[in-house]
Amino acid sequence: MERKVPHEVQTIITALESAGFEAYIVGGCVRDMLLGREPNDWDVTTNATPEKVQKIFPQSVYENDFGTVGIKTDADGAALKIVEVTTYRIEGNYSDKRHPDAIRFAKTIEEDLSRRDFTVNACAAAVVGGAMSVIVDPYSGQADLEKKLIRAVGKPEDRFGEDALRMLRAVRFAAQLGFDIEPQTQAAIARDAALLAHISQERIRDEFSKLIMAPGAAWGMQILYTLGLLRFIVPELIEGIGMAQNKHHIFTVWEHNLRALDYAVSKKYSFEVRLASLLHDVGKPRTKRGDGPDATFYAHEIIGGRMTKKILERLRYANHIVEYVTHLVRYHLFYYNVGEVSEAGVRRFIARVGAESIDDLIKVREADRIGSGVPKAVPYKLRHLLFMIDKVKRDPISPKALKINGSEVMETLKIVPGPRVGHILNALLEEVIDDPARNTRAYLEKRAQELDALSDAELEALRARAEGAKEEFEGAAETEMKRKHHV
Ligand code: ATP
Ligand code: MG
């Protein structure tokens with residue numbers, strides 16, 4: 001099989017070689033090529049020092065002090081813009097278990113490969129005529145690719161002592177590639193798992209995210225637990241291990257969470273939906289009341305939402321991810337039964353959870369249902385809800401959609417800005433949600449005048465009643481659901 005290398009990479013290698021240096025492609029890209037996969041990015045390693053590399057490529061960017069130069073390429077395809085060129089190096093001591101005390105450049109490619117994490121990541125390849133050529137493979141990475149094994153380069157305990165993140169990387173690569181972790185490498189992880197406590201949340205997060213996006217994510221989560229790593233990443237999930245649910249569930253909380261994740265992965269759902277599927281029942285252990293077939297988990301979605309926020313903040317995820325996944329967990333538990341919920345109820349549901357998150361919320365709910373061992377992919381009820389949502393989704397459900405706005409209300413009623421304006425607008429919105437035909441300027445002006453005649457207390461009573469109506473999905477229906485389903 002000919003394995004073509006992008007021409008930008010070839011150009012960089014040729015330029016280095018013409019200047020009298022060695023240059024190889026190395027690491028993930030070689031591994032992926034050997035597996036017949038499309039590499040994510042291309043890394044080049046060379047015996048030229050960073051200063052020399054910069055001289056050869058004047059438009060290059062010197063990225064950091066780790067001996068890596070990022071070279072901008074002329075690729076017009078969006079995929080390839082910067083190729084990283086790293087000078088051969090060996091690492092010094094890791095007294096803090098995460099940062100080498102000093103970077104030392106090495107003389108040979110073999111030395112460079114010796115500091116890489118796993119044998120399958122420790123192959124380099126020459127590039128000749130635009131294709132991958134002779135492979136430098138001192139640690140039998142190719143044999144391990146055949147055997148589908150993630151094996152540490154050298155003595156695993158030494159390597160994990162240098163950089164404990166490698167333990168999590170082992171699980172991430174295994175889950176991405178569908179490989180096993182070689183037994184001695186596994187044993188070293190199990191023994192040294194606690195070293196992960198030395199690693200920054202940001203580095204853990206980046207590997208954890210790649211794991212969640214891997215085809216074997218659910219399996220990987222199980223391995224994280226088995227090897228003792230999970231307690232340094234999401235210890236909250238451990239609370240569900242071995243915890244039976246009730247007569248409506250055949251799986252423990254942990255198994256159910258993993259199955260929900262596995263379903264989301266199998267459907268190639270987004271990162272956020274996968275995370276929410278994994279975490280949707282994280283609040284169950286702390287809300288369990290009673291035992292055996294009649295145990296309950298009231299308010300687990302509320303507790304679970306709070307826990308999710310803490311977990312994701314701790315892992316330093318960006319705010320929009322924290323907020324969105326928390327929202328999905330918080331609202332995953334909606335009840336819908338054909339014929340029981342009115343169109344106005346569906347509109348209120350959309351108003352409450354946000355039109356933009358409905359699709360994902362339904363995906364999480366789907367993952368929840370399938371993860372509990374329910375056979376049908378999209379149960380009839382969810383399909384019907386989708387149909388209802390489709391039907392009402394162009395109806396006015398937010399204040400913005402009202403045919404009257406705040407200043408128009410003030411003008412009509414000759415009142416000044418204040419809470420009263422907001423209360424009147426909310427009351428108008430409630431009426432329009434009940435019946436979209438009321439969304440006309442004439443009707444709303446007339447109703448605004450009638451509402452303005454009410455006292456503050458009467459307006460407040462209206463607001464409270466509207467709040468109650470919002471519970472159609474979660475309140476009254478929830479009581480019913482609890483009775484029927486013991487969720
Ligand atoms: P991908 O980019 O597809 O996630 P990759 O193998 O390229 O996979 P990177 O994290 O980009 O993974 O690292 C590139 C290469 O650098 C690895 O293949 C490995 O050789 C080396 N490497 C990266 N991180 C470490 C580490 N913590 N310890 C030792 N070697 C590492
Ligand atoms: Mg990479």
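Solvent-accessible surface of the chain, averaged per residue with a 1.4 angstrom probe and all protein chains in place: 45 square angstrom. Other residues within the sphere of radius under 9 Å centred on the Cβ of residue 303, judged by their own Cβ, net out at +2 (K and R +1, D and E -1). Taken along the Cα-to-beta-carbon direction at a fixed 7 Å, the label points for residue 243 and residue 107 span 5.9 nm. If each DSSP helix of 4+ residues adds -39,500 (n - 2.57) and the sum is divided by the residues in the chain, what number results at 222 nm, nearest 500 deg cm²/dmol? Mean residue ellipticity at 222 nm (helix-derived): -15000 deg cm²/dmol.
What is the calculated FRET efficiency for residue 190 to residue 313, with r their C-beta to C-beta distance and R₀ = 25 Å, to the nearest 0.05? The formula returns an efficiency of 0.30 here. Taking each of 210/268; 247/267; 247/288; 4/72; 210/310; 268/363 in turn, the alpha-carbon distance tops 18 angstrom for 247/267; 4/72; 210/310. Taking Cα atoms only, the orientation of helix 319-330 departs from the longest principal axis of the chain by about 50 degrees. Bridges between two residues of the chain, per DSSP, are antiparallel at a rate of about 80%.
Segment residue 452..residue 384, full-extension length gain: 20.5 nm, with 0.36 nm per residue of separation and the alpha-carbon distance subtracted. With a sphere of radius 14 Å drawn around the Cβ of residue 255, what net charge do the other residues whose Cβ falls strictly inside it have (Lys, Arg +1; Asp, Glu -1)? Within the 14 Å Cβ shell, the charges total -2. Here the chain is treated as a sphere whose radius is the Kirkwood value from Cα pairs; by Stokes-Einstein at 10 °C and 1.306 mPa s it diffuses with a coefficient of 60 µm²/s.
Longest stretch of the chain clear of exposed loop sites (GluC sites (Glu not before Pro), DSSP loop, at most 15 other Cβ atoms within 10 Å, sites excluded): 3-339. Simple spin-label estimate for residue 437 and residue 7 gives 6.6 nm between the two label positions (7 Å along the Cα-to-Cβ direction from each Cα).
Rounded, prolate or oblate for segment 148-233? Axes are the square roots of the Cα gyration tensor eigenvalues, ordered a ≥ b ≥ c, and the cut-off for rounded is a/c under 1.5. The shape class here is oblate.
Do any trypsin sites (Lys or Arg not before Pro) in segment 209-262 lie in a DSSP loop with no more than 11 other beta carbon atoms within 10 Å, and if so, which? Sparse-neighbourhood loop trypsin sites (Lys or Arg not before Pro): 247. Give the residue list of trypsin sites (Lys or Arg not before Pro) in segment 328-399 that are DSSP loop and have at most 14 other beta-carbon atoms within 10 angstrom. Taking segment 328-399 and a limit of 14 other Cβ atoms within 10 Å, the loop trypsin sites (Lys or Arg not before Pro) found are 376, 393, 394. Summing Lys and Arg as +1 and Asp and Glu as -1 over all other residues whose Cβ lies under 12 Å from the Cβ of residue 169 gives a net charge of +2. Surface composition of the chain: carbon and sulfur atoms hold 52% of the protein heavy-atom accessible area at a 1.4 Å probe. Multiplying the residue separation of residue 213 and residue 286 by 0.36 nm and subtracting their alpha-carbon distance yields 23.5 nm.
The values are calculated or read from the model by the stated rules, or taken from the named source; none is laboratory data. Since the model is a prediction, treat every value here as computed from it, not as a measurement. Neighbour counts run over all protein chains shown; Cβ positions are idealised from the backbone, glycine included. Heavy atoms of the whole protein, side chains included, go into the accessibility calculation; ligands, DNA and RNA do not. Shrake-Rupley method; radii C 1.70, N 1.55, O 1.52, S 1.80 Å.
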